[in-house]
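Have a look at the structure below before the remarks.
The values are calculated or read from the model by the stated rules, or taken from the named source; none is laboratory data. None of the values given here were measured: they were computed from a predicted structure. The protein model used for the area step is the full one, side chains on, heavy atoms only, and it has no ligands, DNA or RNA in it. Shrake-Rupley method; radii C 1.70, N 1.55, O 1.52, S 1.80 Å.
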Amino acid sequence: MRNYFFWVLKNTLNRFTVRLARTGRGPFSVIRHKGRKSGRAYERPVILAKVSEGFIAELTYGEKVDWYRNVVAGGGCRVVHHGTEYRVNHVESCTAEEGRRAYPTPLRQILRATRRDEFRLLRTDT
């Protein structure tokens, strides 16, 4: 059932949200990365929080998702956030409190209520 759920997301909702994220409107950003085995280019929609060092990503499905594993294996990625592209050169763990604090208050409260505790700092070139 879980694999089917991810398949549906990847083949329906993700396609729509990537298009929305490319416009720079709405809450979504795009992570552009290469497959760690195939070398193929991918784009994934995510909700990121902008911080001075780069971006905070909440790992809703844990660190076993392909986009995250590809970014770590590849040593970085590109992020398109509100129409601007950034180069991510390093990924670091951060505490749940640091991660939640990066998001606006309504989203922060949702993250706390749903017990989200896996966050990563996507460090960008400055």
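With all protein chains present and a 1.4 Å probe, how do LEU107, LEU48 order by accessible area, largest first?
LEU107, LEU48
Give me the percent of Cα-Cα pairs in the stretch 25-100 that sit more than 14 Å apart, rounded to a whole number.
60
Using the heavy atoms of the protein chains and a 1.4 angstrom probe, tell me the accessible area per residue for the stretch 26-126 in square angstrom.
About 57 Å² of surface per residue is accessible.
Whenever you get a sec, compute what percent of the accessible area on the stretch 36-115 sits on carbon and sulfur atoms (1.4 Å probe).
Roughly 48 percent, rounded to a whole number.
What does the accessible area of ASP66 come to, in Å² to the nearest 10, when a probe of 1.4 Å is used?
The accessible area of ASP66 comes to roughly 90 Å².
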